[in-house]
Amino acid sequence: MQKIHAAITAVGGYVPEYRLTNEELTTMMDTTDEWIQARTGIKERRILKGEGKGSSDMAVGAVKDLLESRGISPLDIELVICATTTPDMQFPATANIICDKAGLTNAWGYDVSAACSGFLFALTIGSQFIETGRHKKVIVIGVDKMSSIMDYEDRKTSIIFGDGAGAVLLEPNTDGFGIIDSVLRTDGSGRVYLHQKAGGSVKPASMETVMNKEHYVYQEGQAVFKFAVKNMADVAAEIMERNNLTAETVNWLVPHQANLRIIKATADRMKLSPEKVMINIEKYGNTTNGTLPLCLWEWQDKLHKGDNVVLAAFGGGFTWGSTYIRWAYDGVNK
Ligand code: UT7
């Protein structure tokens with residue numbers, strides 16, 4: 001019998017309506033539209049507004065979109081894995097809240113925390129449940145409300161992040177389509193360059209941590225940039241090599257959207273022509289766990305059965321990785 005692969009059979013997405021433009025950022029901090037575009041490629045990012053709204057609300061939008069496009073019921077879903085750095089609460093897991101809000105009452109679920117590589121990690125985990133035959137329908141979500149941990153007085157960091165959610169449905173495929181291979185890496189010594197200082201068990205929230213702005217993202221941008229450029233390109237090259245892929249046979253690169261310069265460095269290393277690279281950073285900025293599924297969501301009508309799709313990400317942890325997918329269906333027009 002042919003090996004069971006986990007194939008993506010539907011994609012859903014959700015971005016909040018509010019557009020935080022570079023122009024508006026200039027009223028909040030000492031920056032310019034020119035600097036942001038030249039250094040990052042970002043023009044605007046979406047922000048989730050509204051009291052009591054969190055990551056789960058965006059994820060529910062993406063899940064509903066996915067279910068509708070596949071034409072299945074919420075009750076068909078067996079497992080939900082949610083990759084997020086901005087969970088609704090410290091506990092319970094956001095996946096549980098999503099299942100409740102979206103009516104996925106037959107599913108079990110949990111969260112995965114791996115910063116910007118979280119979606120790739122969760123995709124690999126989700127694929128195992130399909131490959132072993134344990135489940136037939138698994139939803140993997142990447143979502144972040146980065147605005148909830150952003151210091152809008154920190155011009156070096158806050159300009160790159162935004163809010164958004166994407167989700168994919170995994171189902172078994174025995175015709176050789178689906179998730180073929182993954183290279184995933186972790187180096188915890190990189191945590192010094194990108195983290196949130198307080199709110200965890202090492203430094204619980206206190207008046208002092210709030211006053212010191214320790215619940216926001218702390219990033220040493222240049223250091224992260226150097227590691228990202230090298231490692232994201234390295235794993236993308238590695239996955240191509242071990243799957244005998246070439247610049248000609250790769251149809252699409254789906255890169256994490258943190259900085260246009262990092263994306264271009266990865267594409268150059270793979271020797272890919274620009275039209276094969278999914279880029280929407282100018283509209284959404286860095287939505288952390290949301291970037292990869294949001295690219296798939298936006299490009300799904302251009303994807304064809306049999307396309308060789310390479311995903312690559314790098315983020316806090318450090319974590320990074322690359323996944324090779326042989327796309328399983330002809331795209332749907334949204
Ligand atoms: O997705 C998770 C992983 N994260 C990443 O991959 C992010 C990687 N890092 C980056 O993308 C870039 O480092 C940033 C976009 C965050 C920053 O760009 P940079 O080119 O590395 O800028 P920098 O921090 O080295 O700052 C260069 C100069 C500094 O001025 P001086 O000290 O040379 O006078 C900054 O003060 O640019 C200044 N600067 C700004 N100027 C205008 C920094 N931020 C801004 C700003 N507007 N927003």
Practice task
Scan the range 283-306 and give yes if some residue there is within 11 Å of the ligand (Cβ to nearest atom) and either open to solvent by 10 Å² or more (accessible area, probe 1.4 Å) or of a type in the set (A, V, I, L, M, F, W, C) (or both), otherwise no.
Solution key: no
Fill in the blank from the handout: Of those in the range 29-72 that are among the charged types (D, E, K, R) and assigned to a loop (DSSP other than H, G, I, E, B), the residue nearest to the ligand (Cβ to nearest atom) is 30
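Please indicate, with yes or no, whether at least one residue in the range 111-119 is of a type in the set (S, T, N, Q) and either surrounded by fewer than 18 Cβ atoms within 10 Å (Cβ to Cβ) or outside any helix (DSSP H, G or I) (or both). Talk me through it step by step, then tell me what you get.
Taking the range 111-119 first, the residues of a type in the set (S, T, N, Q) are 113, 117.
This time we only want the ones that are either surrounded by fewer than 18 Cβ atoms within 10 Å (Cβ to Cβ) or outside any helix (DSSP H, G or I) (or both), so: 113.
Yes, the range 111-119 contains a residue that is of a type in the set (S, T, N, Q) and either surrounded by fewer than 18 Cβ atoms within 10 Å (Cβ to Cβ) or outside any helix (DSSP H, G or I) (or both).
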Fill in the blank from the handout: Of those in the range 125-153 that are of a type in the set (D, E, K, R) and within 16 Å of the ligand (Cβ to nearest atom), the residue most open to solvent (accessible area, probe 1.4 Å) is 153
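How about the range 288-334: which of its residues are part of a strand (DSSP E or B) and either over 19 Å from the mean Cα position of the chain (by Cα) or farther than 27 Å from residue 220 by Cβ (or both)?
308, 309, 310, 323, 324, 325, 326
Taking the criterion of being within 16 Å of the ligand (Cβ to nearest atom), surrounded by fewer than 17 Cβ atoms within 10 Å (Cβ to Cβ) and in the same structural domain as residue 186 (by TED's automatic domain parsing), would at least one residue in the range 312-327 satisfy it? Working first, answer last.
From the range 312-327, those within 16 Å of the ligand (Cβ to nearest atom) are 312-322; that's our starting set.
Narrowing the set further to residues that are surrounded by fewer than 17 Cβ atoms within 10 Å (Cβ to Cβ) leaves none.
Scanning the range 312-327, I find no residue that is within 16 Å of the ligand (Cβ to nearest atom), surrounded by fewer than 17 Cβ atoms within 10 Å (Cβ to Cβ) and in the same structural domain as residue 186 (by TED's automatic domain parsing), so the answer is no.
The values are calculated or read from the model by the stated rules, or taken from the named source; none is laboratory data. Keep in mind that this is a model prediction, so the values were computed, not measured. Note that each Cβ is placed from the backbone with ideal geometry, even for glycine, and that neighbours are counted across all protein chains shown. Side chains are part of the model used for accessible areas, which takes the heavy atoms of the whole protein and leaves out ligands, DNA and RNA. Shrake-Rupley method; radii C 1.70, N 1.55, O 1.52, S 1.80 Å.
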